[in-house]
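The structure under discussion appears below in the form of structure tokens.
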Amino acid sequence: MAGKGVFFMLLATVKDEFVFHCQSRNLSPKTTKNYGRQIQYLFNYLAQEYQITHIEDVKPEYIKAFLLKMKPKEPLNNRLCPVPGRCISRYLHLVKVV
């Protein structure tokens, strides 16, 4: 429960902030859209597996479990993995989750 002066940020708001951050860095629209989609994969996983709706509830072990789940089972040239760990890692450091 939030106390006076404390607020919790919804994952959707965090995603919007990250997309804005990408745009402010002048990343291409295609890259920005791709990063937003990758972050949405993570947030969908957090909601389904852990019922997470606020960024403050995310724990590093949830992120690690997600990255393991998304780890490709095929060689790099045949992989269908939609989420590279590098994007997720940069994002999580940006929002100071990890």
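Details
- Qualifying residue in the range 48-55 (condition: out of contact with any Ser or Thr (no Cβ under 9 Å at 6 or more places or on another chain), modelled with pLDDT of 85 or more, assigned to a strand (DSSP E or B) and surrounded by 14 or more Cβ atoms within 10 Å (Cβ to Cβ)): yes
- The condition of being touching a helix residue (DSSP H, G or I) at 6+ places or on another chain (Cβ under 6 Å), surrounded by 12 or more Cβ atoms within 10 Å (Cβ to Cβ) and at pLDDT below 60 holds for only one of VAL83, VAL19, that being VAL83.
- Only one of the numbered conditions (1) surrounded by 15 or more Cβ atoms within 10 Å (Cβ to Cβ); (2) part of a loop (DSSP other than H, G, I, E, B); (3) at pLDDT below 65 is violated by LYS73, and that is (1).
- Filtered residues of the range 24-47 (kept if surrounded by fewer than 12 Cβ atoms within 10 Å (Cβ to Cβ) and farther than 26 Å from LYS69 by Cα): SER24, ARG25, ASN26, SER28, PRO29
- Qualifying residues in the range 56-70 (those that are closer than 16 Å to THR13 by Cα and assigned to a helix (DSSP H, G or I)) - the one modelled with the lowest pLDDT: GLU56
The values are calculated or read from the model by the stated rules, or taken from the named source; none is laboratory data. Quick caveat: nothing in here was measured; it's all calculated off a predicted structure. In this analysis, Cβ positions are derived from the backbone assuming ideal geometry, glycine residues included, and neighbour counts consider all displayed protein chains.
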